[in-house]
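Structure record follows, encoded as structure tokens.
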Amino acid sequence: MKIYIASKLGNKEFIRGLLRALPERYEVVSTWHNLTDSQDGSRIEAAMRDLREVDSCDAVLVVTEFCEAVPGGMHFEAGYGFAKGKTIFLLGPAVNIFYEYVAVKVDYDFYKQEQTA
């Protein structure tokens, strides 16, 4: 299954740790979490790249861990994916009612165990 990971920009390190714990059956198509600021391009280039990557996935994994009060692109990416018929998975708290309604809650104990091992 191809997944796009949506989260706040400040979660890059958290996402990189999550990537190491994801089962191999998942192909991550999002790239933002592996890019430096200089590789990211302009804001419009980054946004268009992210939307192309959402277009290419089967599901969007929204990581709201540490994002309780963050405005941002992750919510737009999730909504865009939902509008395109993608499955929306949620890792972390449902920070708004839409995640409670449309997202499949992910149990990520596998990640927590990986980090403490």
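Among V104, L91, G17, which residue has its Cα furthest toward the positive end of the charge dipole of the stretch 2-116, with +1 on Lys/Arg Cβ and -1 on Asp/Glu Cβ?
Of the options given, the answer is V104.
Relative contact order, percent, of the chain when contacts are C-alpha pairs under 8 Å separated by at least 6 residues?
29
Within the stretch 1-30, report the trypsin sites (Lys or Arg not before Pro) that DSSP leaves as loop and that have at most 15 other Cβ atoms within 10 Å.
R25
Need one number: nm distance between label points at M48 and T36, each 7 Å from Cα along Cα→Cβ, rounded to one decimal.
The modelled label-to-label distance comes out at 2.4 nm.
Give me the one-decimal nm value for the distance between modelled label points at F76 and D55, 7 Å along each residue's Cα-to-Cβ direction.
1.6
Evaluate the charge dipole of the chain about its Cα centre and quote only its size in Debye, nearest 20, assuming +1 on the Cβ of each Lys and Arg and -1 on the Cβ of each Asp and Glu.
In debye, rounded to 20, the chain gives about 120.
If you take every residue apart from A78 with its C-beta less than 12 Å away from the C-beta of A78, what net charge results, scoring Lys and Arg +1 and Asp and Glu -1?
0
Modelling each spin label as a point 7 Å along the Cα-to-Cβ direction, I'd like the V106/R20 distance in nm, to one decimal.
1.7
Before rounding to the nearest 500, sum -39500 (n - 2.57) across all DSSP H runs of length at least 4 in the chain and divide by the residue total; then give [θ] at 222 nm in deg cm²/dmol.
-12500 deg cm²/dmol
Relative to the present Cα-Cα distance, how much length would full extension add between A94 and V29 at 0.36 nm per residue of separation?
Gain on extension, A94 to V29, equals 21.1 nm.
Ranking E13, E65 by Cβ neighbours within 10 Å, fewest first, what do you get?
E13, E65
No value in this document is a laboratory result; all are computed from the given coordinates. Given the structure is predicted, the values throughout are model-derived calculations rather than measurements. Every residue, glycine among them, receives a Cβ derived from its backbone with ideal geometry; neighbour counts consider all protein chains shown.
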